[in-house]
Amino acid sequence: MAHCCSDNEHDPLAKSVEEARAAILASSPALTDTEVLHLSAALGRVLAEDICAPQPVPAWPNSAMDGYALRSSDGEAPRKLIGHCFAGHPFTGVVGPGECVRIMTGAVLPEGADSVLIQELAEIQDKTILPQQHPAPGANIRQAGEDLQPGVAALHAGTLLRPAQLALIASLGMAEVKVFRRLRVAFFSTGDELRALGSTLEAGQIYDSNRYALQGMLQRLGCEVLDLGRILDDPEHLQNTLQQAADMADLVISTGGVSVGDADYIAELLGRIGSINFWKMNMKPGRPLAFGQLGEATFFGLPGNPVSTMVTFYQFVQPCILKRMGKSTPWTPAVLKIPLAHPLKKKPGRTDFQRGVLISGENGLQVAGVGQQASHIMSGLAHADCLIILAAEADAAPAGSLVDVQLLEGLV
Ligand code: AMP
Ligand code: MG
């Protein structure tokens with residue numbers, strides 16, 4: 001295998017982020033197993049069926065404002081107040097010519113009325129209302145079915161359920177939904193130097209931090225997480241772990257050992273027991289990436305440097321996971337254009353994912369780099385709230401230039 005080239009050297013054989021993501025999505029089949037869940041347990045799941053409204057939403061015409069329900073055709077003539085209605089307490093009579101009913105937001109529009117005059121435009125004299133304006137027909141009324149019509153799909157299969165979708169389903173009165181089962185993801189760290197949290201480090205040893213980043217990212221996506229621990233740089237041990245992981249999970253992730261060093265076995269092992277694409281990525285951080293198939297499981301071998309692990313997870317693994325979870329519209333990190341507060345250094349060659357922070361001040365929204373950008377500097381990523389993406393061919397970026405930004409929170 002060829003040795004990696006220096007940071008600023010462009011490697012014509014390296015894959016771009018977009019090429020790699022497209023190849024990954026093309027070989028990421030959606031789950032087919034489903035289960036029925038109560039709505040209160042369905043956050044973060046993907047719908048396995050269309051949701052159709054059984055009745056119109058709203059079911060009745062109702063008021064959008066506090067005011068008076070009346071007939072528009074009476075113009076600005078005074079109206080006699082004949083009753084009132086509140087949300088959940090309809091007025092049972094009929095509003096006739098020259099009459100009105102006091103109405104609160106959400107209350108059913110009484111029969112006979114076709115308009116709601118807001119209370120700020122009504123002068124009250126004893127039991128009579130003097131409109132200060134001609135109430136237009138349909139004014140301040142929420143029509144029956146204006147949100148959803150019966151029989152029409154309110155949400156389609158393949159929709160990721162976030163709080164707004166849960167509320168929409170609840171507004172239809174549905175207590176249960178059919179969703180895809182959770183994606184099972186097994187992961188492990190590789191490296192003889194890795195030690196458990198709480199142990200005392202000897203020379204050359206480090207704590208295994210990647211596992212905690214992976215666990216957090218996977219939990220946040222609602223995966224069933226299977227932590228297989230720290231595995232030594234030993235081919236036999238690694239092969240057993242890979243096989244065990246593939247037997248129990250839909251997707252397997254390893255970190256470390258994926259490069260071309262003397263203790264890097266992942267790519268070679270995968271070539272032997274599964275099918276493997278080993279890619280040199282034209283990006284920084286995160287040059288080596290292994291992607292392939294291990295039996296029925298999708299496999300990702302992520303680079304070991306903690307920042308590289310997280311950046312490559314976000315760019316490649318997360319889109320794959322969401323597709324495998326059943327999400328029908330492909331997810332890729334959203335990119336915003338934001339001006340740079342300070343210049344950023346860069347050499348042409350690789351797409352750069354620098355860690356950044358958003359600054360909201362008198363110059364509007366701007367973004368700044370967090371300083372140290374090396375791929376082992378975890379404090380930079382921990383203090384960042386976004387990634388600043390500088391194109392492969394780009395040189396240094398001056399202050400004020402518009403750069404591409406991916407937010408690290410609110411990911412899906
Ligand atoms: P590797 O990809 O195995 O060559 O590792 C690259 C760098 O990342 C080395 O400095 C490793 O010590 C470090 N590294 C690998 N795995 C982890 C991990 N699980 N937690 C923290 N650092 C790691
Ligand atoms: Mg290693």
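Could you list which residues have their amide H under 5 Å from that of R355, counting only those 5 or more apart in sequence or on another chain, with H placed in the peptide plane?
V370, I388
Compute the acute angle (0 to 90°) between the alpha-carbon long axis of helix 235-248 and the principal axis of greatest extent of the alpha-carbon atoms of the chain; round to the nearest 10°.
Approximately 20 degrees, to the nearest ten.
For K127, list the lysines whose Cα falls under 16 Å from its own Cα; do not include residues on the same chain fewer than 8 positions away.
Candidates past the 8-residue exclusion: K80.
From the protein chains alone at 1.4 Å, what is the descending order of accessible area for H237, H38, largest first?
Heavy-atom accessible area, descending, gives H38, H237.
Rounded to the nearest 5, what is the percent of antiparallel bridges among the DSSP beta bridges in region 76-168?
Once the DSSP bridges in region 76-168 are tallied, antiparallel ones form about 60 percent.
Can you tell me the 0 to 90 degree angle between the C-alpha axis of helix 17-26 and the longest principal axis of the chain, rounded to 10?
70
When the solvent-accessible surface of protein heavy atoms is calculated with a 1.4 angstrom probe, in what order do S189, S259, S275 fall, highest first?
Final ranking, largest accessible area leading: S275, S259, S189.
Mind checking which lysines have their Cα closer than 30 Å to the Cα of K337? Skip sequence neighbours fewer than 8 apart in that chain.
Within the straight-line limit of under 30 Å, K337 reaches these lysines: K15, K280, K284, K323, K327, K345, K346, K347.
Which percentage, to the nearest 5, of the DSSP beta bridges contained in the chain is antiparallel?
Among the beta bridges of the chain, antiparallel pairing accounts for roughly 70 percent.
In terms of modelled amide H atoms, which long-range or inter-chain residues lie less than 5 Å from the amide H of A87?
Amide H neighbours of A87: M104, A107.
In sequence order, what are the phi-derived ³J(HN,Hα) couplings for region 314-331 according to the Karplus relation 6.51 cos²θ - 1.76 cosθ + 1.60 with θ = phi - 60°, rounded to whole Hz, with x for glycine and proline?
4, 7, 10, 6, 4, x, 5, 4, 5, 5, 5, 5, x, 5, 7, 8, x, 9
Apply the Karplus parameterisation 6.51 cos²θ - 1.76 cosθ + 1.60, with θ equal to phi minus 60°, to every residue of region 78-91 and state each ³J(HN,Hα) to the nearest whole Hz, in sequence, with x for glycine and proline.
So the J values, rounded to whole Hz, are x, 10, 7, 7, 10, x, 8, 9, 10, 4, x, 9, x, 7.
Once ligands and nucleic acids are excluded and a 1.4 Å probe is used, how much of Y207 is accessible, expressed in Å² to the nearest 10?
Number for this one is 100 Å².
From the residues F187, I231, L168, which one has its Cα farthest along the dipole of region 160-292 in the positive direction, the dipole being from +1 and -1 charges on Cβ of Lys/Arg and Asp/Glu about the Cα centre?
The listed residue farthest towards the positive side: L168.
Could you give me the ³J(HN,Hα) list for region 124-133, computed from phi with Karplus coefficients 6.51, -1.76, 1.60 and θ = phi - 60°, whole Hz, x at Gly and Pro?
3J(HN,Hα) across region 124-133, in whole Hz: 9, 10, 6, 9, 10, 10, 10, x, 8, 7.
Which is the longest part of the chain that has none of the trypsin sites (Lys or Arg not before Pro) sitting in a DSSP loop with at most 14 other Cβ atoms within 10 Å?
Counting at most 14 other Cβ atoms within 10 Å as exposed, the longest clean stretch of the chain is 128-344.
Name the residues whose placed amide hydrogens come within less than 5 Å of the amide hydrogen of A341, ignoring near sequence neighbours (fewer than 5 apart) on the same chain.
Hits under the 5 Å cutoff: V367, A368, G400.
The values are calculated or read from the model by the stated rules, or taken from the named source; none is laboratory data. Keep in mind the model is a prediction, meaning the values are calculated, not measured. Heads up, the Cβs are rebuilt from the backbone with ideal geometry, glycines too, and the neighbour counts pull from every protein chain shown. Keep in mind that these areas ignore ligands, DNA and RNA; they rest on the heavy atoms of the full protein, side chains included. Shrake-Rupley method; radii C 1.70, N 1.55, O 1.52, S 1.80 Å.
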